[in-house]
1. Counting just the residues of the stretch 98-116 that are charged (D, E, K, R) and over 20 Å from Gly87 (Cα atoms), which one comes out surrounded by the fewest Cβ atoms within 10 Å (Cβ to Cβ)?
2. If I filter the stretch 566-585 down to residues being more than 20 Å from Ile407 (Cα to Cα) and either polar (S, T, N, Q) or without any contact (Cβ under 8 Å) to a residue 40 or more places away in the chain (or both), which single residue comes out as surrounded by the most Cβ atoms within 10 Å (Cβ to Cβ)?
3. What about Pro403, is it surrounded by fewer than 17 Cβ atoms within 10 Å (Cβ to Cβ) and within 30 Å of Gly564 (Cα to Cα)?
4. So Val501 passes all but one of these: (1) more than 21 Å from Gly463 (Cβ to Cβ); (2) buried (at least 17 other Cβ atoms within 10 Å of the Cβ). Which condition number does it fail?
5. Checking the conditions here, which among Ala207, Ala245 is touching a strand residue (DSSP E or B) at 6+ places or on another chain (Cβ under 6 Å) and surrounded by 22 or more Cβ atoms within 10 Å (Cβ to Cβ)?
6. Return yes or no: is Leu483 in the same structural domain as Ala438 (by TED's automatic domain parsing), touching a strand residue (DSSP E or B) at 6+ places or on another chain (Cβ under 7 Å) and over 28 Å from Glu357 (Cα atoms)?
7. So for the stretch 238-253 (the condition being among the charged types (D, E, K, R) and modelled with pLDDT under 95), does at least one residue qualify?
8. Does the stretch 315-334 contain at least one residue that is without any contact (Cβ under 8 Å) to a residue 40 or more places away in the chain, closer than 30 Å to Ala525 by Cβ and of a type in the set (Lys, Arg)?
Amino acid sequence: MSSFTRTLTRLAAAAVLLWQCAALSAAGEPRVTILFTHDLHARLDSFALPGGGEGGGFARLAALAAEERKADPGGTLLLDAGDFCSGTLFDAILPDEAPELNAMARMGYDAVTFGNHDFEAGPANVTAGLAAVRAGPRPEIVLSNTNLSEEKPGSAELARALAAWPVKKYAVFSRNGLKIGVFGLMGREAAFYVQTPGLSFTDRIAAASETVKALREKEGCDMVVALSHSGTSSAPDRSEDSLLAAAVPGIDVIISGHTHTLLKKPLAVGNTLIVSSGYWGRRLGRLTLEKKPGGGFRAAAYRLIETGPGPEDKALTGMVEGWKRRTEELYLGKYGLKFDSVVAFSPFPFVPPTNVENSTEPLAAGDLAADAFRAEVKAAEGLDHKYISAAFIPLGFLKSELPEGIIRTPDVFRVLPIGAGPDGKAGYPLTAFYLTGADISRLLEAEATLARVNADARLETSGVRFSWSLGAPPFARIKDVSLEEPDGTYKPLAKEKLYRVVMSAHAALYLSISFKPALIPLGPAGAPLNDIKEAVIYTSPGGKAELKEWVALARYLASFPRTGPGGLPQVPERYRAPRNSETVLP
């Protein structure tokens, strides 16, 4: 054997020894590293970061995860705690391409769970999306507290798709000689937002207790990790994962999703560590656990690694570009848009919707979107148009703000990204129907009483002026309401009169089931509509393309005078500051 060969052999042996040492603590106990994400919300492409620059994106996240794995390839897990779908234009091709799950398979995720937003496209899209995953090896999908009845439309197909994957209560992995059980859980609040027919969720504490027992006693697991789409909160009674840890002490680690929380250090509840890395894949969480001699695990290291500018997984970058083209072919083309089309220019920034939650502060972006609804229904209906007196948008349905400067197609979609319409395509359509003046007054009473504790009760409006007293009894606070007339004047609300209003199909359904007695959409003669589909607005009279709420906003932006740079439509100065449609009396 030559000296060169002997040197290579010694180096190889040293590398193996170093790798083995990396898997052990100073006391000789094995270590495990958990890389984790949650609430990715389909941010496959990179995006602008606060303060400037660009970051995020699955290609950067993939490269970062691969680099972190190198330190201990035999002792690392990559996990996600749900809401990997919903929030960007890639949702439009979920049933055809399943871009999020295909990307996560490429990235090497070991296990993921579903969040509430992963079901909001409806059972048919979830079913088709699971079947469209071609990359591999595919991650385990774990969810322990589902209850699926096959009697509702589409639920039998969904049940078969979940079984075919298969979606299981838990999965068991071997890392550095340790058996690690990973299970999924849908939280109580998150479960409330899942409106998939036939799908419900059992009590999370009972399901977790049963699953942990099976992992410890049946599977003989050394470590148990919960992928919990439940979240934490500063309010103790709402911090679901803190309550979970206290109630089920057999969980070693909870990867906590849903609330978009950023925990700069693990939250310890008993012997359980709770970790969260924020949202949109802006950070990759890294928790290294060391087995304690007396049993259980301690955090040996914890980092939240920024996914800013850096190396990218080139194959995944190519996949994302391909999905952009497919989005244009299958969805955007019918609206005359390209994935990266420039829609308009804003000379000023918009306040994010989250900044005014739990307050009575007005929101200029809400004014803009609500005005867009009224204007674009009128444009779509043409000569068949019947006057729209008012538009309503629950604040919680506005998921992002428009950027200052160039506004592109994906920026507009991110403002109103949730759900799918009767056509099965991404985005809820606008609906126009009638309400009595009394029902509009009830709607505003809910706003006056509940808006500061429930963002979905906070209403962004167009064509409405009203005042209310903070000191009056709940649901009896409204003092004055007036609605805009076709000539631009405002007249007091008449309780018995029928007014035509516009809101998304989702908002109409939400409001109809949230009120007791129900707030029922009416036809022009005052009779209840049989189905909200009767009120859907299309892009032209007799057309087949639903006027999605985000498309209405895009068209409204594109209609502004071309006074921006390069002749772009420019957002008018009237939207720089919010208007005072709502007056809160002392």
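1. From the stretch 98-116, those charged (D, E, K, R) are 100, 106, 110; that's our starting set.
Within this subset, residues satisfying the condition of being over 20 Å from Gly87 (Cα atoms) are 106, 110.
On the way: Arg106: 17, Asp110: 19.
Among those that are charged (D, E, K, R) and over 20 Å from Gly87 (Cα atoms), it is Arg106.
2. Narrowing the stretch 566-585 to residues more than 20 Å from Ile407 (Cα to Cα): 579-585.
Then drop every residue that is not either polar (S, T, N, Q) or without any contact (Cβ under 8 Å) to a residue 40 or more places away in the chain (or both), which leaves 580-581, 583.
On the way: Asn580: 8, Ser581: 18, Thr583: 13.
Going through the qualifying residues, I end up with Ser581.
3. Values: surrounded by fewer than 17 Cβ atoms within 10 Å (Cβ to Cβ): yes; within 30 Å of Gly564 (Cα to Cα): yes.
The answer is yes for Pro403.
4. That leaves (1) as the condition not met.
5. On the way: Ala207 fails: touching a strand residue (DSSP E or B) at 6+ places or on another chain (Cβ under 6 Å).
Answer to the selection: Ala245.
6. Considered against the rule, which asks whether it is in the same structural domain as Ala438 (by TED's automatic domain parsing), touching a strand residue (DSSP E or B) at 6+ places or on another chain (Cβ under 7 Å) and over 28 Å from Glu357 (Cα atoms), Leu483 comes out as no.
7. Going through the stretch 238-253, the residues among the charged types (D, E, K, R) turn out to be 238, 240-241, 252.
The next check asks that each one be modelled with pLDDT under 95; those that pass are 238.
Among the residues of the stretch 238-253, at least one is among the charged types (D, E, K, R) and modelled with pLDDT under 95, which makes the answer yes.
8. No, the stretch 315-334 has no match at all.
The values are calculated or read from the model by the stated rules, or taken from the named source; none is laboratory data. Computed from a predicted structure; not experimentally measured. We place every Cβ from the backbone using ideal geometry, glycine too, and count neighbours over all the protein chains shown.
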